[in-house]
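J.: Quick one: the structure is below, questions incoming.
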Amino acid sequence: MYAVIATGGKQYRVEPGSVLRVEKLEAEPGATVEFDQVLLVGEGGKITVGTPLVRGGKVVARVESHGKGRKVDIIKFRRRKHYMRHKGHRQMYTQVKVTDVSGA
């Protein structure tokens, strides 16, 4: 069984046992979190698509850790104008392991 969930402005295809990095969640490592914005649930040849969400769909995951992603450089530069700006950004993430997928 698999599902497509929406969290942090992104969509992820998950199934039990999968590990994924989502936008930072306010939860302690070891805690369980529920994703109730389930867009699609599939099992074998049977697929349930929500309009826009699947009624009764739920994905349960366990928080494994928090961290920062790789560094992204932002550079603004204008040649011959003596202008250059350099910034860096590291996005915070939460690593979760999916334990259960349930749908209608």
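Read-outs throughout are calculated quantities, based only on the coordinates presented, and are distinct from any laboratory measurement. Model, not experiment: these values are computed from the prediction. Quick reminder, even Gly has a Cβ in these numbers, built from the backbone with ideal geometry, and neighbours come from all protein chains shown.
J.: With the cut-off at 30 Å, tell me which of the pairs 10/46; 24/46; 10/76; 24/76; 24/58 have Cα atoms farther apart than that. Walk me through the intermediate numbers first.
T.: Values: 10/46 24 Å; 24/46 32 Å; 10/76 27 Å; 24/76 28 Å; 24/58 19 Å.
Those over the limit are 24/46.
J.: Go through segment 71-104 and name the trypsin sites (Lys or Arg not before Pro) that are in a DSSP coil and have 11 or fewer other Cβ atoms within 10 Å of their Cβ.
T.: 71, 79, 80, 81, 90
J.: When the dipole is taken about the Cα centre of segment 64-104, and only Lys, Arg (+1) and Asp, Glu (-1) are charged at their Cβ, what size is it in debye, to the nearest 20?
T.: 840 debye
J.: Take the Cα radius of gyration of the chain and divide it by 2.2 N^0.38 Å, with N its residue count; two decimals is plenty.
T.: 1.44
J.: While we're looking at this one, here's another question. Would you mind working out the magnitude of the charge dipole of the chain relative to its Cα centre, with +1 at each Lys and Arg C-beta and -1 at each Asp and Glu C-beta, to the nearest 20 Debye? Show your work: numbers first, answer last.
T.: Working: 20 positive and 10 negative charges, 285 e Å.
So the magnitude is around 1360 debye.
J.: Given a cut-off of under 8 Å on Cα pairs at least six residues apart, what relative contact order in percent is computed for the chain?
T.: This gives 33 percent for the chain.
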